[in-house]
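The values are calculated or read from the model by the stated rules, or taken from the named source; none is laboratory data. Remember, it's a predicted structure, so these values are computed and weren't measured experimentally. Neighbour counts are summed over all protein chains in view; Cβ atoms, including those assigned to glycine, are modelled from backbone coordinates with ideal geometry. Accessible surface areas use protein heavy atoms only, side chains included; no ligands, DNA or RNA. Shrake-Rupley method; radii C 1.70, N 1.55, O 1.52, S 1.80 Å.
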Amino acid sequence: MMKEGHLFTALNHERIVGGAIIFVDKGVMYIGRIFVDPSEFKKGYGIAIMKQLESLYPDVLRWKLETPVWNIRTNRFYTKLGYTEMRRDDESVYYQKDSNS
């Protein structure tokens, strides 16, 4: 994934607290992974990572991602950030957010 996408790390005083891997394809940015150290949950790092990613790519027209159906926490998180559920199957929920959202 690192070779095909862009890898970002989130630091707090030189300590890695999370990160993300993203991929771009024809004006659409795919969030392949976003992760936060479990000991750092509920401290705003996830929101900060997502907002930073979106601000780094102002020309991206649409953001897309998927997350497991069973993961209630991440499904709430993406909805809170303005992502819209586009579809779901037995395993995943697929979200997108247009740049004007």
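Some observations on this one:
- Charged-residue dipole, Cβ positions (Lys, Arg, Asp, Glu), the chain about Cα centre, Debye nearest 20: 260
- Accessible area per residue for the chain is 69 Å², calculated with a 1.4 Å probe on protein heavy atoms, without ligands, DNA or RNA.
- Among ILE47, ILE22, ILE72, residue whose mean-square fluctuation peaks in a GNM of the chain (springs only between Cα atoms under 10 Å): ILE72
- Chymotrypsin sites (Phe, Trp or Tyr not before Pro) lying in DSSP loop within region 60-97, provided at most 13 other Cβ fall within 10 Å: TRP70
- In the chain, the portion of solvent-accessible area held by carbon and sulfur atoms comes to 53 percent [1.4 Å probe, whole percent, DNA, RNA and ligands not counted].
- Computed on the chain, with alpha-carbon pairs under 8 angstrom and 6+ residues apart, the relative contact order is 20 percent.
- The lysine pair tally for the chain, using Cα distances under 13 Å and a gap of 8 or more places or different chains, is 5.
- Choice from MET50, MET29, MET86 showing the highest fluctuation, given a GNM over the chain with Cα pairs closer than 10 Å: MET86
- Only one residue of ILE22, VAL60, ASN12 has its Cα farthest out toward the positive end of the dipole of the chain, where Lys and Arg carry +1 and Asp and Glu -1 on Cβ, and that residue is ASN12.
- Inverse of mean 1/r across different Cα pairs in the chain, Kirkwood, Å: 14.1
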